[in-house]
Amino acid sequence: MQLIIKGRIEYTNIGRSMPIGVVRGLSDEFYRFAQRTSDLSGKKIVFADLRDHPEYSEKSELAPFIGCVDYLSLPTLIVVWLLPEACEEDTAVHELMHAWLFFARGYRNPLGLRGEHPFHVRMFAHRLGMIPQDLCVCFHMKQRGLNVGKQRDDCFQFLEDFAPLLYDHVRARDPWNHWQFAEQLGFLCAGADIFEFTDKNLRVLEYVESIFRHYAPEVLQLRDFIVKTAARTGYRTSESVGHFVEAVMKRMFEHAGLRFSPDLLECVSDTRPDDPKRATPVGGN
């Protein structure tokens, strides 16, 4: 796959222009899926370099971040951001499936954070809300015979690479580090029947769980909470996403020692306003 830049667009909600283009080297199956999504949405699909996104950082340890999609901010375009060095068709399909589910099924996260919050709070709130949505995307991809192994393996690779950071007792006590690992591990374990862990995955799982058990047992407690909540709420409808987000957001705030009240959650409309505080992409991988 190769990203070819063809022009620029003005992204008013983040206050900057953005180079966009097309991706070459995709399968005919992908182009057919993209055309169906375009027909459903009435929008043209374009691609952008993820490194140009204002909230992307190569130094971020928040979570694997190799692609995202925005299908609401622009009236005529669906923008799929991809990281060029990690640009594979599975990632492009995953991001576009978020848009397809929205336009074909009205599937979305109906809740968001109200008010002013630091970047890391907004980012984790977004990523926790993406757990059920990513599970739904992977479920539909697998139903169509598409590969979900890349997202599974990328998550395991992240855990294997970064879990040893918790040998540092300062990091091991940081509640945001607990969430950093718990949201990845919880996502994988909640979708174990979708992902079908390989022998290598299981070895990595045993390795990272031993680190968490000895240095940050809170990660496993939060992992269990995420898995149980996903099992209770489900993840295949917008309503179930809302119930999941409400429960997990409350736990996130409480674990971080922050005050939580239902007033912090607001309903998110189908058309996002030009608000720079809502520049976090709709879908992420």
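Within the stretch 228-237, the set of residues being crowded, with 19+ Cβ neighbours inside 10 Å and within 17 Å of the chain's Cα centre (by Cα) comprises 230, 235.
Could you list all residues from the stretch 17-56 that are in a strand (DSSP E or B) and more than 23 Å from the chain's Cα centre (by Cα)?
In the first step, residues of the stretch 17-56 are kept if they are in a strand (DSSP E or B); the result is 17-24, 44-49.
Hits for the stretch 17-56 are 17, 24.
Could you please find all residues in the stretch 34-49 being among the charged types (D, E, K, R), in contact (Cβ under 8 Å) with a residue 40 or more places away in the chain and under 17 Å from residue 24 (Cβ atoms)? Selection gives 49 alone. Just one of the listed residues (190, 163, 182) is surrounded by 22 or more Cβ atoms within 10 Å (Cβ to Cβ), hydrophobic (A, V, I, L, M, F, W, C), touching a Lys or Arg at 6+ places or on another chain (Cβ under 6 Å) and in the same structural domain as residue 231 (by TED's automatic domain parsing), and it is 182. Of the candidates 141, 130, the single residue that is surrounded by fewer than 21 Cβ atoms within 10 Å (Cβ to Cβ) and either over 19 Å from residue 216 (Cβ atoms) or of a type in the set (Phe, Trp, Tyr) (or both) is 141. Against the list (1) within 17 Å of the chain's Cα centre (by Cα); (2) in contact (Cβ under 8 Å) with a residue 60 or more places away in the chain, the condition residue 106 fails is (1).
Among the residues of the stretch 73-102, not one is surrounded by 24 or more Cβ atoms within 10 Å (Cβ to Cβ) and either farther than 22 Å from residue 132 by Cα or of a type in the set (Ser, Thr, Tyr) (or both). Apart from one condition, residue 206 fits all of (1) surrounded by fewer than 20 Cβ atoms within 10 Å (Cβ to Cβ); (2) touching a Leu at 6+ places or on another chain (Cβ under 9 Å); the exception is (2).
Picking from residues in the stretch 57-75 that are among the hydrophobic types (A, V, I, L, M, F, W, C), within 14 Å of the chain's Cα centre (by Cα) and outside any strand (DSSP E or B), the one that is modelled with the lowest pLDDT is 62.
Take the residues in the stretch 115-152 that are under 15 Å from the mean Cα position of the chain (by Cα) and of a type in the set (D, E, K, R); name whichever of them is farthest from residue 264 (Cα to Cα). Taking the candidates together, the pick is 150. Taken as a whole, the stretch 88-96 holds no residue that is in contact with a strand residue (DSSP E or B) (Cβ under 7 Å, 6 or more places away or on another chain), among the charged types (D, E, K, R) and in a loop (DSSP other than H, G, I, E, B).
The values are calculated or read from the model by the stated rules, or taken from the named source; none is laboratory data. All values derive from a computational prediction rather than experimental measurement. A quick note on method: Cβ atoms are made from the backbone with ideal geometry, for glycine too, and the neighbour counts reach across all protein chains shown.
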